[in-house]
């Protein structure tokens, strides 16, 4: 019996997949729990349309991320912070600060979790930082921590 999965099912498939299952498994387990629906012609067409729409949406998001990566690749982001005599910062520059500075430059919100910073920056200087904009799309920037006036 062919069914269309309504949710991800372990060892069977992902949401929207059309899979072949035993009749008892479908009727007694998948259907009562709302995990799948019987695969009719109309439902199969609907599932294919949804999958195509999802693929187009993901492709658009990937393209936007690649364009944004081109804009910020190699950029120098300056962040002013209060520092002591030997260049040690009173606080620290975190991924939130870097994301905020990038957002101001681009005019588009960047999530702090996309900035890959191993540990907060605690000294003045230049640091290479990677920004993960989309799975497989990264941009390298340089963060320059300068003393605040």
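The values are calculated or read from the model by the stated rules, or taken from the named source; none is laboratory data. Just so it is clear, the model here is predicted, and its values are computed rather than measured. Every residue, glycine as well, gets a Cβ built from its backbone with ideal geometry; the counts of neighbours run over all protein chains shown.
Take the residues in the stretch 127-149 that are assigned to a strand (DSSP E or B) and free of Cβ contacts under 8 Å to residues at least 24 places away in the same chain; name whichever of them is nearest to residue 91 (Cα to Cα). Filtering first and then ranking leaves 127.
Does the stretch 1-17 hold any residues that are assigned to a strand (DSSP E or B) and in contact with a helix residue (DSSP H, G or I) (Cβ under 6 Å, 6 or more places away or on another chain), and which are they? Even if it seems obvious, please write down each step before you answer.
First pass over the stretch 1-17, keeping only residues assigned to a strand (DSSP E or B): 2-5, 9, 13.
If the condition is that a residue be assigned to a strand (DSSP E or B) and in contact with a helix residue (DSSP H, G or I) (Cβ under 6 Å, 6 or more places away or on another chain), then 3, 4 are the ones that fit.
Residue-level check: of (1) loosely packed, with under 13 Cβ neighbours inside 10 Å; (2) within 18 Å of the chain's Cα centre (by Cα); (3) modelled with pLDDT of 90 or more, residue 108 misses just (3).
Residues in the stretch 116-133 that are farther than 23 Å from residue 82 by Cα and in contact with a helix residue (DSSP H, G or I) (Cβ under 7 Å, 6 or more places away or on another chain): 131, 132, 133. If you go through the stretch 72-101 and pick out every residue that is in contact with a helix residue (DSSP H, G or I) (Cβ under 7 Å, 6 or more places away or on another chain) and closer than 21 Å to residue 149 by Cα, you end up with 2.
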